[in-house]
């Protein structure tokens with residue numbers, strides 16, 4: 001977006017400078033030829049200014065077209081981000097379930113009984129598409145998504161580390177390289193890491209809901225057919241963005257809870273069968 005604005009400014013400055021130069025030249029030649037063939041000069045001047053303004057309109061049209069194309073790409077990218085955030089929310093729900101499942105299987109009562117249990121679930125990795133950011137023009141949204149990408153990379157690394165750590169413990173126990181007491185001791189230590197990662201997952205869910213809500217708000221001001229309408233596609237957040245986000249997050253959380261209830265009901269009916 002900055003590149004487009006720079007080109008338009010350069011074109012406008014060039015037109016203004018050229019106009020300041022052309023006007024004195026016109027006055028000079030008009031005065032110099034006022035006593036001779038003024039009709040010829042007027043024809044020349046008319047053709048010159050006609051060509052000049054045609055050039056100016058063409059360049060302006062090209063600039064506005066580029067702005068519109070850029071705004072349209074921004075809108076389409078926002079829609080793609082909505083699908084991406086929805087996928088990440090589903091992954092977050094699965095990962096929270098996995099963390100809860102580990103904590104449930106290795107609860108304190110079970111560990112006290114020294115029951116030899118093993119766990120096979122692993123966390124699901126978050127996809128990260130940094131190239132998708134190129135299609136955006138809103139600086140505030142870009143910064144927040146970039147921060148989210150950094151956090152998701154860290155979360156992926158943490159989940160991989162937990163998976164590898166427990167896998168080593170399980171393998172050692174199954175292959176009888178450690179006894180049951182040592183296995184249970186390591187499982188207890190590992191459970192603290194599952195509690196910790198669950199907190200990060202819930203924070204990530206909150207961040208995703210916020211960004212999902214913002215993307216829905218921003219798509220309401222999409223560009224249409226002219227430069228006036230493209231102003232609606234903001235390059236910065238509106239002043240009352242926080243109030244809008246709160247309202248949108250309420251709606252989105254209600255939708256998420258309803259979907260979760262429907263999913264849980266399907267699982268319950270399946271298990272009953």
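Matching residues to (1) modelled with pLDDT of 90 or more; (2) assigned to a helix (DSSP H, G or I); (3) out of contact with any strand residue (DSSP E or B) (no Cβ under 9 Å at 6 or more places or on another chain); (4) surrounded by fewer than 17 Cβ atoms within 10 Å (Cβ to Cβ):
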site	(1), (2), (3), (4)
91	yes, yes, yes, no
94	yes, yes, yes, yes
101	yes, yes, yes, yes
110	no, yes, yes, yes
123	yes, no, yes, no
148	yes, yes, yes, no
152	yes, yes, yes, no
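Checking residue 115 against (1) out of contact with any helix residue (DSSP H, G or I) (no Cβ under 7 Å at 6 or more places or on another chain); (2) farther than 26 Å from residue 262 by Cα; (3) assigned to a helix (DSSP H, G or I), which single condition isn't satisfied?
Going through the list (1) out of contact with any helix residue (DSSP H, G or I) (no Cβ under 7 Å at 6 or more places or on another chain); (2) farther than 26 Å from residue 262 by Cα; (3) assigned to a helix (DSSP H, G or I), residue 115 breaks only (3).
Where in the range 154-273 are there helices (runs of 4 or more DSSP H), lying fully within it, with 2 or more residues that are in contact with a helix residue (DSSP H, G or I) (Cβ under 8 Å, 6 or more places away or on another chain), within 23 Å of residue 77 (Cβ to Cβ) and at pLDDT 90 or above?
Counting at least 2 such residues, we get 180-218.
The values are calculated or read from the model by the stated rules, or taken from the named source; none is laboratory data. Nothing here was measured: the structure is a model prediction, and the numbers come from that model. Methodologically, a virtual Cβ is constructed for each residue, glycine included, from the backbone with ideal geometry; neighbour enumeration extends over all protein chains shown.
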